[in-house]
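The values are calculated or read from the model by the stated rules, or taken from the named source; none is laboratory data. Predicted, not measured: the structure shown is a model, and the values here were computed from it. FYI the Cβ positions are ideal-geometry reconstructions off the backbone, even for glycines, and counts take in every protein chain you see. In case anyone asks, the SASA skips ligands and DNA or RNA and just uses the protein heavy atoms, side chains included. Shrake-Rupley method; radii C 1.70, N 1.55, O 1.52, S 1.80 Å.
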Amino acid sequence: MSQAGFVSLRCAILTISDTRTEDTDRSGQLLRERLTDAGHELVDKQIVIDDVYRIRAKMAVWIAEPAIQVILTTGGTGFTGRDSTPEAVSVLFDKPIEGFGELFRQLSYQEIGSSTVQSRCLGGLANATAIFCLPGSSGACRTAWDGILHEQLDGSHQPCNFANLVIPERGTHGA
């Protein structure tokens, strides 16, 4: 079987925060650097307040946009009163990726111990778009990118990866 190579993916980043601005959004900036350094294209980056309907509205527009193959969110995955990313996004999934949150928490446990149980980070597929919702800290975004996403968004990573699910010509698009 021939091995598929790397293909640059078109990505969007959504920072979910009531307080961050483009100047103070360290997590969004880290994700931008990581994905562009890996050879992917940043199509859009926005900040939205932690409100279920505003998050869901922005995500729905991006999911429907063929130019976006991957969405990364940062923020709103904890347990405080305004943290609502899982509630906003999970209803949009065609298929949840349970293993993403599980693996993230396993990696995070090595760094922050039992506090990782307070992360409700999650992943899923919607309209052939891969979506990964990360905590708001730059350390958590680094853990997710370096430990999971860097490989899983690379179409040459074997034995499988999420890149091949969002690249139509790979034959698994929409499967």
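Charging the Cβ of each Asp and Glu at -1 and of each Lys and Arg at +1, and nothing else, the dipole of region 51-131 about its Cα centre rounds to 160 debye. In this structure, the amide hydrogen of Leu122, modeled 1.01 Å from its nitrogen in the peptide plane, lies closer than 5 angstrom to those of Cys133, counting only residues at least 5 positions away or on a different chain. With the simple model of a label 7 Å out from the Cα in the direction of the Cβ, Thr19 to Glu111 spans 2.0 nm.
Backbone N atoms of region 57-76 closer than 11 Å to the 7 Å Cα→Cβ label point of Gln46 belong to residues 57-63. Roughly to the nearest percent, how much of the accessible area of region 75-175 is carbon and sulfur, given a 1.4 Å probe? Carbon plus sulfur share of accessible area: 53 percent. Helix 26-37 axis versus longest C-alpha principal axis of the chain: approximately 10°, rounded to the nearest ten. Note on Arg120: accessible area is roughly 50 Å² with a 1.4 Å probe, heavy atoms of protein only.
Within the full protein context, the accessible area of His157 is estimated at about 50 Å² for a probe radius of 1.4 Å.
Summary of the geometry: region 112-145 and region 34-68, compared by the centres of their Cα atoms, lie 15 Å apart. Neighbours of Asp23 by Cβ distance under 15 Å: Lys/Arg scored +1, Asp/Glu scored -1, total +2. With a 1.4 Å probe rolled over the protein heavy atoms of all chains, the accessible area of Thr85, Thr36 falls in the order Thr36, Thr85, largest first. Entry comment: accessible area of the chain is 48 Å² per residue, from protein heavy atoms only and a probe of 1.4 Å. Taking other residues whose beta carbon is less than 12 angstrom from the beta carbon of Gly139, and scoring Lys, Arg as +1 and Asp, Glu as -1, yields 0. Across the chain, C-alpha contacts under 8 Å between residues 6 or more apart give a mean separation that, scaled by the residue count, equals a relative contact order of 24 percent.
What shape does region 21-167 have by the C-alpha gyration tensor, where a ≥ b ≥ c are the square roots of the eigenvalues, rounded means a/c under 1.5, and otherwise prolate means a/b greater than b/c and oblate the rest? Judged from the Cα gyration tensor, region 21-167 comes out rounded (a/c under 1.5). Computed with a 1.4 Å probe over protein heavy atoms only, the accessible area of Val52 comes to about 40 Å².
Within region 75-92, which residues have the backbone N less than 11 Å from the label spot 7 Å out from Ala60 along Cα→beta-carbon, could you tell me? Under 11 Å, as judged by backbone N against the label point of Ala60, lie 92 of region 75-92. Calculate the FRET efficiency for Phe79 and Arg170 from the Cβ-Cβ distance with a Förster distance of 30 Å, rounded to the nearest 0.05. Efficiency, from the Cβ-Cβ distance: 0.20.
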